[in-house]
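Below is one structure, written out as structure tokens; the observations come after it.
The values are calculated or read from the model by the stated rules, or taken from the named source; none is laboratory data. The structure presented is a predicted model; accordingly, all values stated were derived computationally and were not measured. Please note: Cβ atoms are built from the backbone with ideal geometry, for glycine as well, and neighbour counts cover all protein chains shown. Quick note on the areas: whole protein, heavy atoms, side chains included, nothing else; ligands and nucleic acids left out. Shrake-Rupley method; radii C 1.70, N 1.55, O 1.52, S 1.80 Å.
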Amino acid sequence: MLAKFISYVPAIIGVLSIALFVYLNNPKSSINRTFALSNVFATLWLFFFFFFYTTDDSDSALWFLRLGLVFSQLMILYFFYFTLSFPYKSKISDVTKWVLSI
């Protein structure tokens with residue numbers, strides 16, 4: 001239990017602090033917003049997997065696993081949107097973006 005706590009909690013705090021730092025640096029920038037949102041989803045992913053590994057109830061563990069998998073998919077989607085705008089705007093059409101995100 002202590003090893004899981006030591007491995008997950010600093011990672012959760014670190015990823016969340018990076019998200020807050022990037023967002024508060026320039027909240028109006030779409031690049032900063034998408035990067036911060038992808039980091040928030042990574043934080044939620046770590047958070048739910050931490051509870052999945054530490055809970056004793058099998059029903060709760062299954063729900064934490066499912067929530068962790070949902071946020072991992074959202075993290076990938078927002079990282080895709082981030083790569084379309086960083087370091088410069090992509091010239092891909094909106095239809096192609098939607099098809100690739102599906």
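Quick check on the range 44-66: of everything there that is touching a residue at least 40 places away in the same chain (Cβ under 8 Å) and over 14 Å from the mean Cα position of the chain (by Cα), which residue is farthest from THR34 (Cα to Cα)? Spell out the reasoning first.
Of all residues in the range 44-66, those touching a residue at least 40 places away in the same chain (Cβ under 8 Å) come to 49-50, 53-54.
With the extra rule that they be over 14 Å from the mean Cα position of the chain (by Cα), the set shrinks to 50, 53-54.
Numbers: PHE50: 24, TYR53: 29, THR54: 30 Å.
Going through the qualifying residues, I end up with THR54.
Give the residues of the range 54-93 that are of a type in the set (Phe, Trp, Tyr), touching a helix residue (DSSP H, G or I) at 6+ places or on another chain (Cβ under 8 Å) and surrounded by fewer than 15 Cβ atoms within 10 Å (Cβ to Cβ), sorted by residue number. Steps first, please.
Taking the range 54-93 and keeping what is of a type in the set (Phe, Trp, Tyr), we get 63-64, 71, 78-82, 86, 88.
Adding the requirement that they be touching a helix residue (DSSP H, G or I) at 6+ places or on another chain (Cβ under 8 Å) leaves 64, 71, 78-82, 86.
Once the filter is applied, which keeps residues that are of a type in the set (Phe, Trp, Tyr), touching a helix residue (DSSP H, G or I) at 6+ places or on another chain (Cβ under 8 Å) and surrounded by fewer than 15 Cβ atoms within 10 Å (Cβ to Cβ), the range 54-93 yields PHE80, PHE86.
Of all residues in the range 21-55, those satisfying the criterion of being outside any helix (DSSP H, G or I) and modelled with pLDDT under 90 are SER29, THR55. Scanning the range 67-99 for residues that are among the polar types (S, T, N, Q) and within 12 Å of the chain's Cα centre (by Cα) gives SER72, GLN73. Restricting ILE92, ILE18, ILE12 to those that are in a helix (DSSP H, G or I), without any contact (Cβ under 8 Å) to a residue 24 or more places away in the chain and out of contact with any Pro (no Cβ under 8 Å at 6 or more places or on another chain) reduces the list to ILE18. Among the listed residues PHE80, PHE64, identify the single one that is closer than 17 Å to ILE12 by Cα and either in a helix (DSSP H, G or I) or among the basic types (Lys, Arg) (or both). Only one candidate qualifies: PHE64.
If you go through the range 5-53 and keep only what is farther than 30 Å from PRO87 by Cα and open to solvent by 80 Å² or more (accessible area, probe 1.4 Å), you end up with PHE5, ILE6, TYR53.
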